[in-house]
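See below for the structure under consideration.
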Amino acid sequence: MNNRLDGKRIVVTGGASGIGRACAVEAARAGAAVLVADRHPDAARETAESIRSEGGQAESFAVDVTDARRCEEMADYTARTFGGVDGLIAAAGISAVAVPGDPDHHDGSAAGLDWSTEVWRRVLDVNLDGLMYCNRAVARHMIAGGRGGSIVNIASISAAWASGNASAYSVSKAGAWMLTKTLSIEFAKHGIRVNAVGPGFTETPMTAATREDDSARDDIVGRTPLRRFGKPEEIAAPALFLASDAASFVTGTILYADGGFNAYAR
């Protein structure tokens, strides 16, 4: 077996940037037909066009993963466009982002008294509820198709490592890992494997502010045995392995791609 994805039809959420874009591009290079799904339609369209310019097969779809109905429409569109659905790489996610009325700088911590409940709710809406909506929508098509499939959820090192200044994010990613485990048991009878990738600190738009802060960047690099941030392609590689037939006996697990960060933290 190898980790080629020839003939597979794969949805990638959050596919317009960062880890999601890398997963979409690399999945297409590995032979998959890819639906690039993102809440930014122009960026999703650009990613799909870039894939097609390389000779790959890709379409784009606008989706806010917090909209359960739209997630179902995303899966339906994939099935209609490609003739079925074989896989999902669920990379859509956010950190603790302020909403109007919140302080410009807040840490998103559970104990914080100076930010609104909407911040907590928004992070869990996207990172946990939205993840479930996408898993459920795609699994329904896999079950109907009778061919099984693979779901790969992009979690985080925060699934195991509690960050005192990002409680909402850590809780959402721990939930993503538990959702992965429970669905791996529930879906196994249908031949659907469900796994997760736990990225460490990676060079994406989400970590741009951290990487520009000399103190924060140096602290993270100093706690990472490989002494650097990861690249999006280095997260896509294990995700593609889990999506491929090379991982046919792998389900209910999380593969950390973190430069060794969790070797210290766990």
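The values are calculated or read from the model by the stated rules, or taken from the named source; none is laboratory data. These numbers come from a predicted model, not from an experiment. Cβ sites come from the backbone with ideal geometry, for glycine too, and all protein chains shown count toward neighbours.
Quick notes
- Single residue of Ser184, Ser167 found to be buried (at least 19 other Cβ atoms within 10 Å of the Cβ) and at pLDDT below 95: Ser167
- Filter result (at negative phi and surrounded by fewer than 20 Cβ atoms within 10 Å (Cβ to Cβ)) within the stretch 243-253: Asp245, Ala246, Ser248, Phe249, Val250, Thr253
- Residue check for Gly200: more than 17 Å from Leu242 (Cα to Cα), in contact (Cβ under 8 Å) with a residue 60 or more places away in the chain and not polar (S, T, N, Q): yes
Residue by residue, here is whether (1) assigned to a helix (DSSP H, G or I); (2) within 21 Å of Ile235 (Cα to Cα); (3) at pLDDT 95 or above; (4) not polar (S, T, N, Q) holds:
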position	(1), (2), (3), (4)
Val12	no, yes, yes, yes
Ala44	yes, yes, yes, yes
Ser50	yes, yes, yes, no
Thr66	no, no, yes, no
Tyr77	yes, no, yes, yes
Gly84	no, no, yes, yes
Leu88	no, yes, yes, yes
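- Residues in the stretch 229-266 that are outside any helix (DSSP H, G or I) and among the small types (Gly, Ala, Ser): Gly230, Ser244, Ser248, Gly252, Ala257, Gly259, Gly260.
- Set Gly31, Gly7, Gly15: member being within 18 Å of the chain's Cα centre (by Cα) and of a type in the set (Gly, Ala, Ser): Gly15
- Counting the residues of the stretch 27-42 that are of a type in the set (A, V, I, L, M, F, W, C) and not in a strand (DSSP E or B) gives 4.
- Options Arg193, Arg228; residue that is at pLDDT 80 or above, touching a Gly at 6+ places or on another chain (Cβ under 9 Å), loosely packed, with under 15 Cβ neighbours inside 10 Å and under 21 Å from Ile19 (Cβ atoms): Arg228
- Thr47 being surrounded by fewer than 23 Cβ atoms within 10 Å (Cβ to Cβ), out of contact with any Leu (no Cβ under 9 Å at 6 or more places or on another chain) and of a type in the set (Val, Ile, Thr): no
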